[in-house]
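Since the structure comes first, as structure tokens, the remarks are kept for the end.
The values are calculated or read from the model by the stated rules, or taken from the named source; none is laboratory data. Please read these numbers as outputs of a predicted model, since none were measured by experiment. Cβ: placed from backbone, ideal geometry, glycine included. Neighbour counts: every protein chain shown. Ligands, DNA and RNA are stripped out before the accessible areas are found, and what is left, the full protein with its side chains, is counted by its heavy atoms. Shrake-Rupley method; radii C 1.70, N 1.55, O 1.52, S 1.80 Å.
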Amino acid sequence: MRTALATAEQSVQLSVDRTEDLFVGAKAELENLSSTVALIDSLRFSSPEQCNRTLQKVVAAHERVKAIALLTPQGIAYCGSEAKAINLSFSERQYFKESSQSEGIAWGDLQISKVNNQITVVSARAVRYEGTISFVVLVTLDVASMKRQTFQQFQLPVAQAILMNGQGEILDKAVFDKEALPFDEQTLSQARLADTGIIIHGTQNKSSTLVGVMKLPMAAGRVIFSVPIGQIYTAAHREMVEVIALGCLETFLMAAVLLIALEFLVLRSLRQITSFASLITAGNHSQRVTTRSPFSEFAILSSTLNMMIDKLELASFTDALTGLANRRALEVHLDHCDESLESTGAGFSIAMIDIDHFKLFNDRFGHGTGDSVLQTVGKTLKTSVSGEEIAARYGGEEFTLVLLDTCAGSVLNRLEALRHSIEELHILHPDSRYGHVTVSIGFALVVSGGRAQEAIERADLALYAAKKRGRNRVASQGESLPELFDPSGRPIEDALS
């Protein structure tokens with residue numbers, strides 16, 4: 001019984017830790033995004049309408065972001081992704097006051113938004129030019145999106161959950177089990193002061209619950225969960241009674257029953273899990289384990305193993321920084337494309353994309369800001385493909401698109417639209433001739449008799465041609481490379497990094 005309860009506690013603790021990791025990742029994403037928006041130099045001079053459109057595009061590319069607004073040094077919103085925010089004053093908000101006195105990012109507590117009357121957590125960064133505040137960037141966390149993702153972290157069912165701000169006020173409540181008792185004052189008082197973890201009560205019975213607390217990494221608020229353990233308690237109690245009953249049988253009968261029980265209740269599940277572990281060790285991630293046992297430990301262990309393999313499988317085909325397909329996933333997809341071309345004649349096209357002068361950008365702004373730009377460009381690329389098409393990170397600042405289109409004109413139009421979309425992000429790049437981040441693109445078509453690898457080489461040559469012609473452009477397969485000369489007539493080697 002103690003082992004079953006300890007396993008349940010470990011499961012709840014693991015779920016709470018995953019929830020904390022989820023919010024830590026959201027905090028880092030919003031802070032990096034705030035830094036990126038601060039670098040969009042054109043926002044200082046563009047019209048409110050153009051500023052609104054730019055911020056709306058940025059918000060659409062980030063699932064965890066609810067809204068972005070730019071404030072005057074006096075705290076008045078002059079542009080933003082939400083029209084209702086325009087001309088509202090945020091000067092009385094504590095995060096605005098703290099950001100005006102800080103070089104870093106100030107976070108507010110959980111509170112009700114004056115824009116949409118929803119629960120929000122807001123970060124504020126004051127952007128200074130020559131020592132004077134030019135504007136303040138507000139980035140709002142999408143609490144509703146985080147709420148949906150939070151409940152996906154739990155293996156055991158959640159009975160109820162509440163969202164509490166730093167003053168102990170309950171801002172939101174979700175009840176999944178109508179028979180569950182509400183949180184008592186003692187539990188709420190403990191949770192209000194607790195760090196991330198679980199609150200263990202002194203007694204355990206059929207109506208007991210485990211209470212998990214997750215302290216928000218960016219604010220003083222907390223998320224509090226209750227998980228019923230009555231079923232675990234009942235199962236453990238039943239197992240104890242069965243053991244006592246079996247002890248009263250004759251020795252021979254007891255041995256027979258124990259052997260049968262051991263085979264069907266334990267050994268079979270252990271063999272399944274051992275066989276499954278061998279497959280994992282051999283590199284086979286396609287199988288999943290299912291055990292049929294009354295012991296809750298096996299169900300939890302199987303679920304944990306399956307979840308681990310799901311994450312391994314996803315991670316092995318996903319670029320960790322951008323969320324796009326990685327090089328391995330691209331190679332597997334291209335093999336499928338070659339097979340489809342050979343069997344059905346269905347052609348495709350390959351585009352190689354490179355961020356112009358990205359090394360110079362990293363040298364000036366640092367790899368943290370560079371990573372944020374890679375994420376933003378990656379999300380823009382993802383929106384340009386659909387269906388069986390794929391967007392992948394080829395390596396460093398280079399990306400690859402595989403499009404199910406073999407019309408050169410159509411592919412050129414799509415890639416020009418993509419190039420323009422990235423240019424329209426207006427991410428400041430002082431070391432580029434264009435003043436902001438741009439990309440060069442080369443593409444090649446793959447039709448009957450062709451192969452993907454050969455098309456990548458042709459697309460790479462087209463990318464080289466696009467760079468030779470001045471970057472920030474699209475070049476197709478077979479375009480000749482221009483010769484560039486200095487005033488004395490000697491060839492110039494263009495730096496293609």
Self-check item: Failed item, numbered, when ALA465 is tested on (1) open to solvent by less than 40 Å² (accessible area, probe 1.4 Å); (2) within 22 Å of LYS57 (Cα to Cα)
Solution: (2)
Self-check item: Lone qualifier among LEU324, LEU334 - being closer than 20 Å to SER476 by Cα and either modelled with pLDDT under 95 or touching a helix residue (DSSP H, G or I) at 6+ places or on another chain (Cβ under 6 Å) (or both)
Solution: LEU334
Exercise. Given the conditions (1) open to solvent by 50 Å² or more (accessible area, probe 1.4 Å); (2) free of Cβ contacts under 8 Å to residues at least 60 places away in the same chain; (3) more than 23 Å from GLU29 (Cα to Cα), report the number of the one that ALA191 does not fulfil.
Key: (1)
Quiz item: For the stretch 157-186, which residues satisfy the criterion of being aliphatic (A, V, I, L, M) and surrounded by 19 or more Cβ atoms within 10 Å (Cβ to Cβ)?
Solution: VAL158, ALA159, ALA161, ILE162, LEU163, MET164
Quiz item: Out of curiosity, is GLU389 out of contact with any helix residue (DSSP H, G or I) (no Cβ under 9 Å at 6 or more places or on another chain) and among the acidic types (Asp, Glu)?
Solution: yes
Quiz item: If you check THR3 against the conditions, is it touching a residue at least 12 places away in the same chain (Cβ under 8 Å) and either exposed (fewer than 15 other Cβ atoms within 10 Å of the Cβ) or at positive phi (or both)?
Solution: yes
Quiz item: On the given criteria, is VAL332 among the β-branched types (Val, Ile, Thr), closer than 25 Å to THR54 by Cα and part of a helix (DSSP H, G or I)?
Solution: no
Quiz item: Is it true that some residue in the stretch 104-111 is free of Cβ contacts under 8 Å to residues at least 40 places away in the same chain and not basic (Lys, Arg)?
Solution: yes
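For (1) at pLDDT below 75; (2) touching a helix residue (DSSP H, G or I) at 6+ places or on another chain (Cβ under 8 Å), each residue gets a yes or a no:
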{"site": "ARG192", "(1), (2)": "no, no"}
{"site": "ILE199", "(1), (2)": "no, yes"}
{"site": "HIS237", "(1), (2)": "yes, no"}
{"site": "CYS248", "(1), (2)": "yes, no"}
{"site": "THR281", "(1), (2)": "yes, no"}
Quiz item: What are the residues in the stretch 1-20 that are under 16 Å from ASP142 (Cα atoms) and of a type outside the set (Val, Ile, Thr), if any?
Solution: GLU20
Practice problem: Could you list all residues from the stretch 434-454 that are open to solvent by 10 Å² or more (accessible area, probe 1.4 Å) and touching a Cys at 6+ places or on another chain (Cβ under 9 Å)? | Solution: LEU445
Exercise. Output yes when any residue across the stretch 81-99 is in contact (Cβ under 8 Å) with a residue 40 or more places away in the chain and within 21 Å of the chain's Cα centre (by Cα), and no when none is.
Key: no
Practice problem: State all residues of the stretch 127-169 that are among the basic types (Lys, Arg) and within 25 Å of the chain's Cα centre (by Cα); if no residue qualifies, say none. | Solution: LYS147, ARG148
Quiz prompt | Residues of the stretch 435-457 that turn out to be within 18 Å of ASP354 (Cα to Cα) and assigned to a loop (DSSP other than H, G, I, E, B), as a count | solution = 3
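Let's see how each residue does on (1) open to solvent by 60 Å² or more (accessible area, probe 1.4 Å); (2) among the hydrophobic types (A, V, I, L, M, F, W, C); (3) touching a Cys at 6+ places or on another chain (Cβ under 6 Å):
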{"site": "LYS27", "(1), (2), (3)": "no, no, no"}
{"site": "HIS62", "(1), (2), (3)": "no, no, no"}
{"site": "GLN74", "(1), (2), (3)": "yes, no, no"}
{"site": "LYS97", "(1), (2), (3)": "yes, no, no"}
{"site": "TRP107", "(1), (2), (3)": "no, yes, no"}
Quiz prompt | Residues (open to solvent by 20 Å² or more (accessible area, probe 1.4 Å) and either within 20 Å of ALA106 (Cα to Cα) or assigned to a helix (DSSP H, G or I) (or both)) located in the stretch 39-59 | solution = LEU39, ASP41, SER42, ARG44, PRO48, GLU49, GLN50, ASN52, ARG53, GLN56, LYS57, VAL59
Quiz item: Within the stretch 26-36, can one find any residue that is at pLDDT 90 or above, of a type in the set (Lys, Arg) and under 24 Å from ALA106 (Cα atoms)?
Solution: yes
